[in-house]
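Enquirer: One structure is given below, represented as structure tokens, and several questions about it will come after.
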Amino acid sequence: MMEILFVTFTFLSLVSIIGYGSLFKFLFLKNSNKLNIGLLGFLGLFLISFISYLTHLFYPHNHIHNLILLISGFIFFIYFLRKKEIVIKKEYYLILALLFVGIIIGKSHDDFPYYHLPNALEFVENKLEFGLGNLNHGFKHHSSIFYLYSVFYFPIIKFYIFNVLNFFFLLFAVFFLFDSVNNDLKKFNFNNKSFLKFLFLILFISIFNRIGEYGTDITGQLLAGVMICLILDTVSKKKIIFYDLIIIFSFLAYLITIKTYFIIYIILPIVLFIFIENKYSVFKKFIFSKLFVYLFFVGLLFVILNISATGCIIYPISKLCFPNYFYWGLKLETINYL
């Protein structure tokens, strides 16, 4: 019985995430071409993470909240599938079946019981609370992955599906890379860029196959690998398309919420910006786009949630910590020591 529920909720979660990815495309990439299902998956994870950020301010991520979120994503999936915005290839089923074995190989990451699980359960049981960083060292560390975990806490199955979300990161990365390499082979256009994608594909499958042992680092590395490939694809085009930039900036923002040190990848979009001819018009278009407003609120919520836990805009940078203004914040001595 438990095994059936596990597979059922895994399937429903996968479908729901892709549904939210299609909603993201509808909201911010309405006139773009159809997206690979791997990209839809990552954009869906990003949108769900944003929703979890927002709702956590007012409401705990309990069964009612999470089932509404799950069912809504399923409805979006059916709607966009009927509008032929989602393309499911036969090869995806084989990839899904082969990679699914990785869920039950190995143990959970060492940090999972230490602070990944406690953070997620805290968000399940309570809405926004202040000063959690004073209770346990693990509560000081912010990651959108923990908020993502919390909205996949379901009746009966409880937290046993959390590690499946790691599987989805690998799955979406493999979907994207497989399609990209396959398309290049069909066009007899297997170049250096294609070889890099093929190398990423082999490395991701061979090195990151113990899915239960993922931390926040590996999920970010999977997303970063796909973003690098997207940037290379964009640079190789004769004309840079604005919608490509939107996806890249969305991936970068999501990366930073997963783990702050991924901000180092901001250098890649900056380099990409050098290749753009009409820099001012592109920048102006981005500033006045709906995506900019969305990313602004993502950043705002990221700051609010960091401050609520530690009194720091970004922990543990002491210059960005203000215990004199936020009385629940960590002491500067503690932050400097850590």
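Enquirer: Regarding F24, is this residue more than 18 Å from L170 (Cα to Cα) and open to solvent by less than 30 Å² (accessible area, probe 1.4 Å)?
Expert: Yes: the conditions hold for F24.
Enquirer: Kindly establish whether I18 is under 15 Å from the mean Cα position of the chain (by Cα) and not aromatic (F, W, Y).
Expert: The answer is yes for I18.
Enquirer: Based on what the data block shows, is G329 open to solvent by less than 70 Å² (accessible area, probe 1.4 Å) and in contact with a Pro (Cβ under 6 Å, 6 or more places away or on another chain)?
Expert: yes
Enquirer: Something else now. Go through (1) surrounded by fewer than 19 Cβ atoms within 10 Å (Cβ to Cβ); (2) under 21 Å from L223 (Cβ atoms); (3) at pLDDT 85 or above one by one and return the number of the condition N126 breaks.
Expert: Answer for N126: the failing condition is (2).
Enquirer: Ok, one more. Pull up region 132-180, narrow it to residues that are open to solvent by 10 Å² or more (accessible area, probe 1.4 Å) and more than 22 Å from the chain's Cα centre (by Cα), then point me to the one that is farthest from V101 (Cα to Cα).
Expert: N134
Enquirer: Right, something else. Which of the following residues is assigned to a helix (DSSP H, G or I) and among the hydrophobic types (A, V, I, L, M, F, W, C): F130, F168?
Expert: F168
Enquirer: Mind checking which residues of region 288-305 are part of a helix (DSSP H, G or I) and either touching a residue at least 24 places away in the same chain (Cβ under 8 Å) or under 10 Å from I246 (Cβ atoms) (or both)?
Expert: Matches in region 288-305: K290, L291, F292, Y294, L295, F297, V298, G299, L301, F302, I304, L305.
Enquirer: In addition: I'm trying to understand the selection: among the residues of region 216-232, which are touching a helix residue (DSSP H, G or I) at 6+ places or on another chain (Cβ under 7 Å) and either open to solvent by less than 10 Å² (accessible area, probe 1.4 Å) or of a type in the set (D, E, K, R) (or both)?
Expert: T216, T219, G220, L222, L223, A224, G225, V226, M227, C229, listed by residue number.
Enquirer: On the basis of being under 22 Å from L301 (Cα atoms) and part of a loop (DSSP other than H, G, I, E, B), does H61 make the cut?
Expert: It is true that H61 is under 22 Å from L301 (Cα atoms) and part of a loop (DSSP other than H, G, I, E, B).
Enquirer: Could you tell me which of the residues L300, L252, L295 is within 25 Å of Y214 (Cα to Cα) and either over 21 Å from the mean Cα position of the chain (by Cα) or not basic (K, R) (or both)?
Expert: When all the criteria are applied, what remains is L252.
Enquirer: Starting from region 74-87, keep only residues that are at pLDDT below 95, then list their pairs with residues that are of a type outside the set (A, V, I, L, M) and assigned to a loop (DSSP other than H, G, I, E, B) whose Cβ atoms are within a distance under 8 Å, requiring at least 6 positions of separation or different chains.
Expert: Taking only residues 6 or more apart or on different chains, the pairs are E85/K34; V87/K34.
The values are calculated or read from the model by the stated rules, or taken from the named source; none is laboratory data. Fair warning: this is a prediction, and the values are worked out from it, not measured in the lab. Every residue, glycine as well, gets a Cβ built from its backbone with ideal geometry; the counts of neighbours run over all protein chains shown. Just the protein is used for accessible areas: all its heavy atoms, side chains included, with ligands, DNA and RNA removed. Shrake-Rupley method; radii C 1.70, N 1.55, O 1.52, S 1.80 Å.
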